[in-house]
Every structure is written in C-alpha cells, then in structure tokens.
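Enquirer: Please read through the structure below; I'll follow up with questions.
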C-alpha cells in the first residue's frame, strides 16, 4: 500500500506585480529571463515566484506532495529528479523516508553532497515521502515525528516591501492592528542605516513589539558587530545572517561580542551545517528552511538545537504552501520552536493554490488535523504545473 509507484517533478510559476522583498532599485534591471541582482546583497532574484513541485504516487494510489525552490534555473532540479533520483525511489516504502534520504544523500557524496540543487531536489522528495506516509497512516506528519506539541505556532511578519521607511512602518502598523506583534525587516531594502530603520519602526510600533533585522550576509564580522550594537538600544529581537555563511569564525565573533541573539540557517541543507555552528557557539537561534532541508534534515537540525538548549525560528519564504505546510508539521513536533516566519506577500496571494489546512491570523499559525502535511494542490495549481 505504501510502496512508491512513481515520482514526477514539475515547475510552478506564479507572476508577481512586485518582486520578492520589494521594488527594484536604480540599476536593478531584469534580463530577458526575468533575473536581476539586488545590489545591496549581490543576490540574484527573479521577477516572478517559482518553485519545483514533486508528485509521488504509491502503488495503492495514495499521492504525496513535496516542494523545493526553483527561483533560478529550476530545470536543473527538475532534471535531477526526473532523470535520476526517481528511479532510486520507485519501489521503496514511503514509511522509510529517512532511510531513503540517507541512501540518496550517500549516492552523490563525491558530486556535491553538501548543498545546492541536489539537496533541494532531495528535500522535495523527502517531503513527498513523509506526506504519503502520513496519508497512508491517516495521520498528520507531526504524529509520525513523535507527536504534536502544539496546535498553534506564533508567527512573525517577514519583509516590509515598501519603498520608504515611513511606508514600511505604516505597513507594519497595519499588520499590528490585525494581531501581529513580531516583525523582521530586510537590510537590503533599508534606505538609511539599520539603526535608523530600527528607530523608525520602533517609534511607530511601540516598545512591546519584537523587531528583527535580516542582514543578508552582507557584513564583515567587525561591521556586523558595529551595526548590531547601533540597533540594540532600539530593542533588537534578533540579528539574522550577519556575515557570509562560510565565515564561521566571523559568525562566532559576532555572537560573542553583541547582546542580541544571532539567528542563522536558512541556507543550510543538512544537520552538519547546523552542528558546526552549534559547536562553535556561533548561533543562538537556528532557522531551518524546509524548502532546502526536507522534513528529515529539518528534524535533525531541530533536535540538535534542542540538545544545545537553543531556540528554533524556522525560515519559510517563496513557495506554493506545500513546503510551508511541511515546515509547520515539523515545527509543531519540536519543543524549542518559539516563532515561525510568515511571508504575507506570498501566503495571502497563494491561498487558491492549496487546499485548506493552514491559517495565519491574529499573530499565529493554526494547523488543521488533516493527514500528511495537511494540504495538497488545488485544481488551479495543478493546471499551472509544467514539465
């Protein structure tokens, strides 16, 4: 009943009026393929949302769904799944998701095992396996992961995609009126220095509101320490990604020299990424991203954080809602999750792409008691999938 019959991967493209994070600055012109580089963090973005969606069918006809990022060159992920990985999953038992994950991971040890598109493809397959297993068992994935600790998860509003600080503060205030009292702004979109951004947001949102800064890996350790210390008098909740991800020693230096908790992890693919930062005492909050980790590695990261008495605030950005649903299932099974990212510009627009099973209102996510990850594509979403 739970043996995998076939796996297929598709590209989902959803147009946007404004690119993710907000409008393009001067000189940030999209090329013919729809890509542009944000100059303040030197990172390429598309002008649309795009993910890779996996459909897994068991021999008994039960279907599980997975998803990963497809922002740039999505056909690279598609080829890995359709031309290679699917053949090594067919015939396996969906309940062996973690074992299958390890087998696929080991197969590419000498060809880029630690990150990139292969691990993203593996994440999508992993989510689909867990989803199928949950549907076979008629249980939410959280129950398969050891049990659901909570039915609601606090949410923070991520990204304030407006062109001026005044407009960003007003926008955050609108969400505050809807019951949300935790926010994160993106440093590349700040028009002044980060301390001024913090001060402006604090003035409008009040002293009890939690405000975090996503620094987008743009600083040296010394620069990060200076900028974080300048924000600290305004009540900085956490500082995310202050230095380049490969600068582990720099990250540890920042963590030692500031009072603010340091949060990292959205770019990690495996527990080994997390463990090296934990061992170096370079992180206070880990931010596993389900679209990169899949459920198996997400849980391993979460349990490593719990063993080190750290906090977990999962990252969740661009997607149809499938890997967000998986992230919430895993988060509900972990003890140290204190909040979860809420991408309003994506979640609120994509509600027609997935079936009901997730709500985010009054500052918190609420999960339905549906089997598997709790959601699946609607007919509208399926009609948009392309090979």
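Enquirer: Compute the helix-to-body angle for 97-107: its Cα long axis versus the longest principal axis of the chain, expressed 0 to 90° and rounded to tens.
Expert: 80 degrees
Enquirer: Springs between alpha-carbon atoms under 10 Å, Gaussian network over the chain: tell me which of 226, 339, 158 tops the mean-square fluctuations.
Expert: 226
Enquirer: What ranking do 68, 43, 355, 296 get, fewest neighbouring Cβ atoms within 10 angstrom at the top? Don't jump to the answer; show the numbers that get you there.
Expert: Working: 68 31, 43 14, 355 18, 296 25.
Ascending number of Cβ neighbours within 10 Å: 43, 355, 296, 68.
Enquirer: Report, largest value first, the span of the C-alpha coordinates of the chain along each principal axis, in whole Å.
Expert: On the principal axes, the chain reaches 58, 43, 40 Å in Cα extent.
Enquirer: In addition: Based solely on its DSSP helices, what 222 nm [θ] is calculated for the chain when runs of n ≥ 4 H residues each add -39,500 (n - 2.57) and the sum is averaged over all residues, nearest 500 deg cm²/dmol? Each step should come with its number before you reach the end.
Expert: On the way: 13 runs with 141 residues, N = 387.
Taken over the chain, the calculation gives -11000 deg cm²/dmol.
Enquirer: Here's something else I'd like to know. Would you mind giving the average projected area, over all directions, of the Cα convex hull of the range 208-261 in nm² with one decimal?
Expert: Numbers: hull surface 12.9 nm².
Seen from a random direction, the Cα hull of the range 208-261 projects 3.2 nm² on average.
Enquirer: What nm distance separates the two modelled labels at residue 90 and residue 272, each placed 7 Å from Cα along Cα→Cβ?
Expert: 3.0 nm
Enquirer: Return 378, 152 ranked ascending by Cβ neighbour count within 10 Å, so the fewest neighbours appear first.
Expert: On the way: 378 17, 152 14.
Placing the least packed residue first, the sequence is 152, 378.
Enquirer: Just check the range 319-387 against the gyration tensor rule for me: Cα atoms, a ≥ b ≥ c as the square roots of the eigenvalues, rounded for a/c under 1.5, and otherwise prolate or oblate depending on whether a/b exceeds b/c. Each step should come with its number before you reach the end.
Expert: Details: a/c = 2.07, a/b = 1.62, b/c = 1.28.
Prolate shape, in that a/c is at least 1.5 and a/b is the bigger ratio.
Enquirer: Further, regarding this structure: For the range 67-180, rounded, prolate or oblate, judged on the Cα gyration tensor with a ≥ b ≥ c (square roots of eigenvalues), a/c < 1.5 rounded, else prolate if a/b > b/c?
Expert: On the way: a/c = 3.27, a/b = 1.57, b/c = 2.08.
Taking the square roots of the gyration eigenvalues as a ≥ b ≥ c, the range 67-180 is oblate.
Enquirer: Also, quick follow-up: Once the Cα atoms of helix 194-205 and of the chain are each reduced to a long axis, what angle between those two axes, in degrees from 0 to 90 to the nearest 10, is obtained?
Expert: Helix 194-205 and the main axis of the chain meet at about 90 degrees.
Enquirer: Cα centroid distance between the range 24-92 and the range 298-322, in Å?
Expert: If we compute the Cα centre of each part, the gap is 21 Å.
Enquirer: Could I ask something else about it? State whether the range 26-101 is rounded, prolate or oblate according to the following rule on the C-alpha gyration tensor (a ≥ b ≥ c being the square roots of its eigenvalues): a/c under 1.5 gives rounded; otherwise a/b larger than b/c gives prolate, and the remaining case gives oblate.
Expert: Values: a/c = 3.24, a/b = 3.06, b/c = 1.06.
The shape class here is prolate.
Enquirer: Please determine, in degrees from 0 to 90 and to the nearest 10, the orientation of helix 116-137 with respect to the longest principal axis defined by the Cα atoms of the chain, where the helix direction is its Cα long axis.
Expert: 60 degrees
Enquirer: What would the Debye formula give as log10 I(q)/I(0) at q = 0.18, 0.23 Å⁻¹ for the alpha-carbon point model of the range 225-326, no solvent?
Expert: -0.81, -1.18
Enquirer: Choose one answer from 183, 84, 238: the residue with the largest mean-square fluctuation in a GNM of the chain with alpha-carbon springs under 10 Å.
Expert: 84
Enquirer: Between 159, 206, 235, which gets the highest mean-square fluctuation from a Gaussian network model of the chain, Cα cutoff 10 Å?
Expert: Checking each option, the largest mean-square fluctuation is seen for 206.
Enquirer: Along each principal axis of its Cα atoms, how long is the range 4-138 end to end? Whole angstroms, biggest number first, please.
Expert: 53, 34, 21
All of the numbers you see were taken from the coordinates with simple rules; none came from a lab. Computed from a predicted structure; not experimentally measured. Positions of Cβ are backbone-derived with ideal geometry, glycine not excepted, and every protein chain shown enters the neighbour counts.
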